[in-house]
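Working notes for the structure below.
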Amino acid sequence: MASSDKIPVACPASSGDGKEPMGDPTKTTTTILDKGTAMMQSMKPIRQMSLHVCSFACYSHDPGRHMEVHIYGHRVNQDFLQCAVYDSNSAKAHLIGIEYIVSEKLFESLSPEEQKLWHSHDYEIQMALLVTPRVPEMVAKPELKNLAKSYGKFWCTWQIDRGDRLPLGVPSLMVSPQDVNLGRIKPEMVKKRDEEHGISTEALKPSRDGISGPEKKNLVADYWVRFRKGFALDVVETDMKRTAPFP
């Protein structure tokens, strides 16, 4: 199986533009059944999502590849958010990954090996790359201040920017935009995002004055910036551990 930093073996799912997943159109009977069950089921985990931010992400193994991402978060407690990541905010958005966000306090409790997998958020917030669609800056400011001091671990499960029409291969570790060459988001991507959401990144920047990052910036987070090394995943075959004999 291909590593997360390699092109997958050619197949119908890997030879497309990534805009439409493979599969037949949903049948009317299936749609009706879905609507009926949605009315009867609680969907409690999904209903806990109360935060939506739009930003950009880079691949750890290839930080020159950038993606627009829409992050929908469920606040587990004051120090921990668990989030679903989509490629847009439309009804046809693709679920492309998950991100966990922790406070500086929780991050500092992690081992150095674990911290290598996490990224900071202060730069993307200060540069107004991370925005809160439809929420006024004045209302969003307290949340932005909290997020600027946090750290995230984002696994991309669907490299849709590659044209994949289904999630292929193994997850890829993602990193946040940074003020270094490969970490600076392409201006045309920012312009496209701004036009789609009716915002101006440049106009928002002054409102981010005074937002600061972690009290003590950890030197292990944003590992690729300081050490010029990224991370890729490989799937290896291994013997299964047997706690009991198979039937």
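The values are calculated or read from the model by the stated rules, or taken from the named source; none is laboratory data. Just so we're clear, the structure is a prediction, and the values are computed from it rather than from any experiment. With ideal geometry, Cβ positions are generated from the backbone for all residues, glycine too; neighbour counts draw on all protein chains shown. The area values use the complete protein model at the heavy-atom level, side chains included, leaving out ligands, DNA and RNA. Shrake-Rupley method; radii C 1.70, N 1.55, O 1.52, S 1.80 Å.
In the stretch 120-215, what trypsin sites (Lys or Arg not before Pro) fall in a loop by DSSP, with at most 13 other Cβ atoms inside 10 Å?
Arg134
Ignoring everything except DSSP H segments at least 4 long, calculate the 222 nm mean residue ellipticity for the chain; use -39,500 (n - 2.57) per segment, divide by total residues, nearest 500.
Result for the chain, helices only: -6500 deg cm²/dmol.
Please report the carbon-and-sulfur percent of the accessible area for the chain; probe 1.4 Å, protein heavy atoms only, DNA, RNA and ligands left out.
It is 58 percent, rounded to a whole number.
Here are some pairs, Lys105/Lys153; Lys153/Lys191; Lys149/Lys216; which of them have Cα atoms lying more than 19 Å apart in this structure?
With Cα atoms farther than 19 Å apart: Lys153/Lys191.
Taking the Cα centre of the stretch 1-124 as the origin and placing charges on Cβ (Lys, Arg +1; Asp, Glu -1), which of Cys58, Tyr100, Cys11 is farthest toward the positive end of the dipole?
Farthest towards the positive pole: Cys11.
Expressed as a rounded percentage, what relative contact order does the stretch 76-166 have, with Cα pairs under 8 Å and six or more residues apart?
Relative CO of the stretch 76-166 lands at 34 percent.
Loop only by DSSP, 10 or fewer other Cβ within 10 Å of the Cβ. Give me the GluC sites (Glu not before Pro) in the stretch 149-247 that pass, ordered by residue number.
When the GluC sites (Glu not before Pro) of the stretch 149-247 are filtered for loop state and at most 10 Cβ neighbours within 10 Å, Glu215, Glu237 remain.
Near Asp209, within a Cβ-to-Cβ distance under 14 Å, what is the net charge of the other residues, with Lys and Arg +1 and Asp and Glu -1?
Cβ neighbours under 14 Å give a net charge of +1.
Ratio to report: Rg/Rh of the stretch 40-189, with Cα atoms as the point set and Rh obtained by the Kirkwood method; give two decimals.
0.95
Return a whole-number percent for the relative contact order of the chain, with Cα pairs under 8 Å and 6 or more residues apart as the contact set.
In percent, rounded to a whole number, it is 27.
In whole percent, what relative contact order does the stretch 19-156 give with Cα contacts below 8 Å and a gap of six or more residues?
Rounded, it is 21 percent for the stretch 19-156.
On average, how much accessible surface per residue is there in the chain, in Å², for a 1.4 Å probe, leaving out ligands, DNA and RNA?
Value returned for the chain: 59 Å² of accessible area per residue.
Going by Cα centres, the stretch 183-226 and the stretch 122-145 are how many Å apart?
If we compute the Cα centre of each part, the gap is 9 Å.
How much accessible surface area, in Å² rounded to 10, belongs to the heavy atoms of Ile46 with a 1.4 Å probe?
Roughly 110 Å² of Ile46 is accessible to a 1.4 Å probe.
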